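This report concerns only the one structure given below.
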Amino acid sequence: MEIKNLITEENSTTVHQLLVITKQDIAIENAIKVLNELNHINRIEFTAYEQSYGLTNELLQEVRNLQDKLAKAKYGRF
């Protein structure tokens with residue numbers, strides 16, 4: 001039996017909603033992985049024109065806060 005025969009008009013909406021939720025979950029998981037990698041790279045800081053640039057402690061704390069928010073969103077605990 002082919003997949004197209006399994007999707008009927010009655011369950012088409014449910015299948016579409018499931019696909020949307022799956023895509024969102026994959027996007028959240030990818031974002032969490034990227035932020036985790038960013039958290040574990042060597043800190044880089046440099047100064048140019050009397051301005052400091054790079055991964056400061058404040059920026060890393062913001063990354064951790066975003067990771068927490070994404071983890072809560074993933075499990076529906078906003």
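Just so you know, all these numbers are worked out from the coordinates, no wet-lab data involved. What you see is a predicted model, and the numbers here were worked out from it, not measured in a lab. Heads up, the Cβs are rebuilt from the backbone with ideal geometry, glycines too, and the neighbour counts pull from every protein chain shown.
Tell me the chymotrypsin sites (Phe, Trp or Tyr not before Pro) within the range 1-65 that lie in a loop according to DSSP and have at most 14 other beta-carbon atoms within 10 Å. Please report the intermediate quantities before stating the final value.
Details: sites: PHE46, TYR49, TYR53; in loops: TYR49.
The qualifying sites are TYR49.
Please sort by residue number the trypsin sites (Lys or Arg not before Pro) in the range 1-51 whose DSSP state is loop and whose Cβ has at most 10 other Cβ atoms within 10 Å. It would help to have the intermediate numbers written out before the result.
On the way: sites: LYS4, LYS23, LYS33, ARG43; in loops: ARG43.
Listed in order of number, the matching sites are ARG43.
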Worksheet, complete the sentence: At q = 0.29, 0.30, 0.31 1/Å the base-10 log of I(q)/I(0) from the Debye formula over the alpha-carbon atoms of the range 24-78 is -1.11, -1.15, -1.18
Practice prompt. Please give every one of the lysines within straight-line cross-link reach of LYS33, meaning a C-alpha to C-alpha distance under 24 Å, and leave out same-chain neighbours fewer than 8 residues apart.
Written response: LYS23, LYS69, LYS72, LYS74
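If each residue of separation counts as 0.36 nm, what is the full-extension length gain between GLU58 and THR14 once their alpha-carbon separation is subtracted?
Numbers: separation 44, 0.36 × 44 = 15.84 nm, distance 4.26 nm.
The GLU58-THR14 span can extend by a further 11.6 nm.
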Worksheet item: Between LEU60, LEU35, LEU18, which gets the highest mean-square fluctuation from a Gaussian network model of the chain, Cα cutoff 10 Å?
Response: LEU18
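What longest region of the chain stays clear of GluC sites (Glu not before Pro) that DSSP places outside H, G, I, E and B and that have at most 14 other Cβ atoms within 10 Å? Walk me through the numbers before you get to the answer.
On the way: sites that count: GLU2, GLU50.
It runs 3-49.
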